[in-house]
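The values are calculated or read from the model by the stated rules, or taken from the named source; none is laboratory data. Treat the numbers as computed from the prediction; the structure is a model and nothing was measured. Quick reminder, even Gly has a Cβ in these numbers, built from the backbone with ideal geometry, and neighbours come from all protein chains shown.
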Amino acid sequence: MANILIISALQIFPVVSGGQQRTASIALELAKAGHHVRIYSLIGRKRDMLRFTGETEATISANLYEFVCRPFTLWAKAMVAYKLGLPPLWAKELIEQPDTTLNLWIAQSEIIIHDFPYTFAALRAHRRLQILNSHNIEHQLFRTKDGRDSKLSESVRKLEYTAIAGVALVACASLDEVTVFSAAFPNKEFIHIPNSIKPKNQNPPPKKQTSTMRQDLGINDDATVLIFPASRYGPNIEGMDFLRNFSIKHESFLRKERIMILVVGSVATGQHRLGQFLTTGPVCDIEPYFHVADWGINPIFYGSGTSIKVAEFIDFDLPILTTEVGSRGFTFVDQSTAIFFTKDNLLEKLTMLPKDLHLLRKMRQEARMANAHFLDPTAAVAPLLRAISGWNPLS
């Protein structure tokens, strides 16, 4: 079994976003397979940073540990970049000048996984397997809204391609990444590790508890709730803005049809109510909010990779409304296992929203059957485990 180091810009555990979920699943499966896994995370959560909490090391599970560095000056730079919608270029500052702990862990590791290209630096890694855990085609996220390259996207492309060139193996979240990256690096090894979640929806709360939570949110029991769970990330922000503007424009329709749009998570700064549109802001536990929802909605119009929130919709037995981009990587048939919409036809889709319980049950069941692998982290991470077991440090 190998000593594995995962270098991450952000604290991974406890998981609060889709990107963290991907890395967490990989780390947990590697540890479960018997590898000794350590995560070195540069900065922690806002609450701890504002309290000037120092560095910590936590045992996550057997064979899995996370060290969080938390230098406040680096966090301040991260917050500025976050507010301006810039990529986390600040991460390279500490990676390129590693502290004592990171230097020691690099020396003790046979395998180094760089989480996102922003944590890649040319390390003295003789006889070490270096892997890039890719979450997206990062440079495409920073193109202009009409899809053209910008100075920022070109800078991110250069950084991303430097990371790919510098590692032996790239673990991609989507087949789109494999296609784009392998065209640029035909001799590089790429494997597909789809985003996945460990099923959580095993003990749904009683209806009385769900009704109470709806009342606390100001949502009537007879409302049809569309939930959009999201962290503060470019495509999610655009999706939330679309839903807000849609709600304003069509408030009378939504009120008449008793449709409520609920946005949960840090994509919104706090709890706000605007007619039939409600945001919660950051929450400690997103799971209870799925239980008050009737549909999952994914209004993502650009980006790459598979969306963790769609896997969560399936896990929590919600029928799904999604854009084509939001469904990337999943197997859906429009009007059969999900309902697809665009910016121009969401109103039309909502006017024809199925209400027949038998039809909805069939839609949910078939969506789960077609996408069961997204609820199986062990199967998702298996190609990475095979690659690691087949690696020869002497080759």
Single residue of region 30-46 satisfying the filter (out of contact with any strand residue (DSSP E or B) (no Cβ under 6 Å at 6 or more places or on another chain) and part of a helix (DSSP H, G or I)) that is modelled with the lowest pLDDT = LYS46
ask   = Counting just the residues of region 89-103 that are acidic (Asp, Glu) and part of a helix (DSSP H, G or I), which one comes out farthest from the chain's Cα centre (by Cα)?
value = GLU96
ask   = Among the listed residues ILE131, ILE112, ILE106, which satisfies the condition of being closer than 24 Å to VAL37 by Cα and in a helix (DSSP H, G or I)?
value = ILE106
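Under the condition of being under 27 Å from ASP317 (Cβ atoms) and at pLDDT 95 or above, which residue from region 234-243 is surrounded by the most Cβ atoms within 10 Å (Cβ to Cβ)? Before you say what the answer is, go through the steps one by one.
Of the residues in region 234-243, the ones under 27 Å from ASP317 (Cβ atoms) are 235-236, 239-240, 242-243.
Next, from what is left, pick out any that are at pLDDT 95 or above: 239-240, 242-243.
On the way: GLY239: 25, MET240: 21, PHE242: 17, LEU243: 20.
Here the answer is GLY239.
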request  = Could you please let me know if LEU350 is crowded, with 19+ Cβ neighbours inside 10 Å, of a type outside the set (Val, Ile, Thr) and either on the phi > 0 side of the Ramachandran plot or part of a strand (DSSP E or B) (or both)?
outcome  = no
note = When (1) over 30 Å from LEU175 (Cα atoms); (2) surrounded by 20 or more Cβ atoms within 10 Å (Cβ to Cβ); (3) of a type in the set (Ser, Thr, Tyr) are applied to THR210, the one that fails is (2)
ask   = Looking only at residues in region 150-183 that are of a type in the set (D, E, K, R) and exposed (fewer than 14 other Cβ atoms within 10 Å of the Cβ), which one is nearest to ARG386 (Cα to Cα)?
value = LYS158
message = Would you confirm, using the coordinates I've provided, whether GLN335 is of a type outside the set (D, E, K, R), out of contact with any His (no Cβ under 9 Å at 6 or more places or on another chain) and on the phi > 0 side of the Ramachandran plot?
response = yes
ask   = Is one or more of the residues making up region 246-264 touching a strand residue (DSSP E or B) at 6+ places or on another chain (Cβ under 8 Å), modelled with pLDDT under 95 and either under 26 Å from GLN209 (Cα atoms) or not assigned by TED's automatic domain parsing to the domain that holds PHE116 (or both)?
value = no
key: Qualifying positions in region 205-233 - under 30 Å from LEU10 (Cα atoms) and either at pLDDT below 90 or in contact with a strand residue (DSSP E or B) (Cβ under 6 Å, 6 or more places away or on another chain) (or both)   = LEU226, ILE227, PHE228, PRO229, SER231, ARG232, TYR233
key: Within region 48-78, tally of residues that are in contact (Cβ under 8 Å) with a residue 12 or more places away in the chain, part of a helix (DSSP H, G or I) and either surrounded by fewer than 18 Cβ atoms within 10 Å (Cβ to Cβ) or of a type outside the set (Phe, Trp, Tyr) (or both)   = 6
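For region 298-306, does any single residue satisfy the condition of being assigned to a loop (DSSP other than H, G, I, E, B) and without any contact (Cβ under 8 Å) to a residue 40 or more places away in the chain? Explain how you work it out, then say what you get.
Within region 298-306, the first condition is being assigned to a loop (DSSP other than H, G, I, E, B), and the residues that meet it are 299-306.
From what is left, the residues that are without any contact (Cβ under 8 Å) to a residue 40 or more places away in the chain are none.
For region 298-306, residues assigned to a loop (DSSP other than H, G, I, E, B) and without any contact (Cβ under 8 Å) to a residue 40 or more places away in the chain: absent.
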